1. Show me 132-141, 149-158, 187-196, 99-108 ranked by packing, highest mean number of other Cβ atoms within 10 Å first.
2. Could you tell me what percent of the DSSP beta bridges with both partners in the chain are antiparallel, to the nearest 5?
3. What figure in square angstrom, to the nearest 10, would you give for the accessible area of Arg238 with a 1.4 Å probe?
4. Enumerate the calculated ³J(HN,Hα) couplings along the range 241-251 in order (Karplus 6.51 cos²θ - 1.76 cosθ + 1.60, θ = phi - 60°), each rounded to whole Hz, writing x wherever the residue is Gly or Pro.
5. Ignoring ligands, DNA and RNA, what percent of the 1.4 Å accessible area of the chain is carbon and sulfur?
6. Tell me the Kirkwood hydrodynamic radius of the range 265-368 in angstroms, computed as one over the mean inverse distance between distinct C-alpha pairs.
7. Indicate the gyration tensor shape class of the range 175-261 (rounded, prolate or oblate), computed on the Cα atoms with a ≥ b ≥ c the square roots of the eigenvalues: a/c under 1.5 is rounded; otherwise a/b larger than b/c is prolate and the rest oblate.
8. Using only Cα atoms and rounding to the nearest 10 degrees, what angle (0 to 90) does helix 331-341 make with the longest principal axis of the chain?
Amino acid sequence: MNDSPTDSNSRSPASAEANAASAEAGEAFCTRSIHGGLGPDPGTGAILTPIHQSTTFVQAAVGVDKGFTYSRSGNPTVAALERNLGALEHAPAAASFATGMAAITALALSTLRAGDRVLLSDVVYGGTLRLLRDVLAPFGVSHQVVDSSDSLALREALKQPTRLVVVESPANPTLKLTDLRAAAAAAHDSGALLAVDNTVLTAALQRPFELGADVVVYSTTKFIEGHNTTVGGALLSRDQALLDRFRFVQNAVGFAQAPFEAWLTLRGIKTLELRVRQHSYNALRVARFLESHPAVARIWYPGLPSFPQYELAQAQQDAGGGLLAFELVGGAPAGRLLMERVKLCSLAENLGAVETLITHPATMTHSDIPPAQRQAVGISDGLVRLSVGLEDPDDIVADLTRALAEIADPARGAE
């Protein structure tokens with residue numbers, strides 16, 4: 001029996017056997033990370049999913065295949081990743097994509113038509129805003145930026161017809177939170193869908209479906225893969241009609257994840273919970289150090305009691321996560337000096353990797369957001385984002401301590 005579509009259609013989510021393997025609701029998260037939707041290779045007994053690096057698949061007869069025909073439409077390694085991602089969320093198999101931005105684009109193409117309106121949280125990855133402003137707007141899709149941390153403001157904005165609400169929580173880079181349960185209620189009361197970008201926490205620390213989300217979005221490049229080795233994205237939903245649409249767009253536009261990248265991501269997921277909890281432990285240690293340092297003017301980290309939304313973080317997150325942001329007393333010049341003086345922390349555009357990465361959002365990740373809009377939402381030119389890695393936290397603190405001392409006394413750096 002041919003269970004796979006032809007090249008012109010979307011691929012079926014997963015086989016009945018794979019769905020059953022993904023549905024072990026009683027298993028702990030770390031167990032699902034390793035085994036969810038997976039099993040030994042039936043042909044060889046290999047404990048790891050093989051890399052099926054093949055463009056096409058031989059068919060037994062016209063219309064008779066083994067579930068795969070062409071890798072843009074479906075690949076066994078990619079399908080294994082999709083089942084595994086679904087198992088993490090107690091959801092059907094995900095739709096995985098070549099990049100996080102491909103996932104966001106597929107979400108838009110799957111749910112929006114000319115004349116539709118999107119509400120977007122005011123602190124969001126610059127590429128998401130660029131997509132809506134510069135790519136989709138000419139096709140008649142409008143958007144409004146709203147402070148989604150203010151539930152009343154969100155409800156007010158939803159008085160206008162809206163198809164899709166997209167929020168990041170915690171938001172990159174200021175870690176601003178959205179009350180996801182309240183946002184879901186507001187969106188659904190107005191007839192809109194709620195999509196939650198859960199990249200910063202992953203399902204190990206926050207479960208948006210349990211809080212009412214319709215779609216969960218990931219850049220799997222970040223904590224999910226976690227080793228700075230590849231890029232990817234994913235969309236998950238418990239609504240089969242939405243998933244079918246995601247898969248149709250995935251195939252029609254050519255956004256599918258590649259098998260080797262899928263295999264690397266599967267390898268990363270096996271240690272996901274261990275990593276994100278250690279990231280959180282290290283980040284809290286670094287955040288406490290920065291909060292107490294006289295050179296630091298302000299710090300944002302949901303795990304600190306001083307964080308403005310600390311109680312909400314305690315209610316909907318299992319830990320603070322591995323990302324923090326701060327400003328130095330010396331403002332933008334001091335922040336730039338710090339990023340140039342650190343040695344263990346690497347100046348780079350990514351987050352969620354085993355290495356500690358330091359980033360200047362205003363000129364790097366969020367440079368596509370107009371300066372006035374950046375300033376309005378707290379992304380100042382002096383904001384420093386730190387993705388705390390898995391090095392010993394004392395070594396990360398020592399690196400920051402030395403760099404801050406050199407800024408205060410430039411002569412020390414010349415020694």
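The values are calculated or read from the model by the stated rules, or taken from the named source; none is laboratory data. Note that the structure is a prediction, hence the values are computed from the model and not measured. With ideal geometry, Cβ positions are generated from the backbone for all residues, glycine too; neighbour counts draw on all protein chains shown. These accessible areas exclude ligands, DNA and RNA; they are computed on the full protein's heavy atoms, side chains included. Shrake-Rupley method; radii C 1.70, N 1.55, O 1.52, S 1.80 Å.
1. Numbers: 132-141: 14.4, 149-158: 17.2, 187-196: 20.0, 99-108: 23.8.
Listed from highest to lowest mean packing, they are 99-108, 187-196, 149-158, 132-141.
2. Working: 22 of 40 bridges.
Roughly 55 percent of the DSSP beta bridges within the chain come out antiparallel.
3. 120
4. For the range 241-251, the Karplus-derived couplings read 5, 5, 4, 4, 5, 4, 5, 4, 5, 3, 6 Hz, x marking Gly and Pro.
5. Details: 9300 of 16710 Å².
With neighbouring chains kept in place, the figure for the chain is 56 percent.
6. Details: mean 1/r = 0.0669 Å⁻¹.
One decimal place: 14.9 Å for the Kirkwood radius.
7. On the way: a/c = 2.76, a/b = 1.28, b/c = 2.15.
Because a/c hits 1.5 or more and a/b fails to exceed b/c, the range 175-261 counts as oblate.
8. 70
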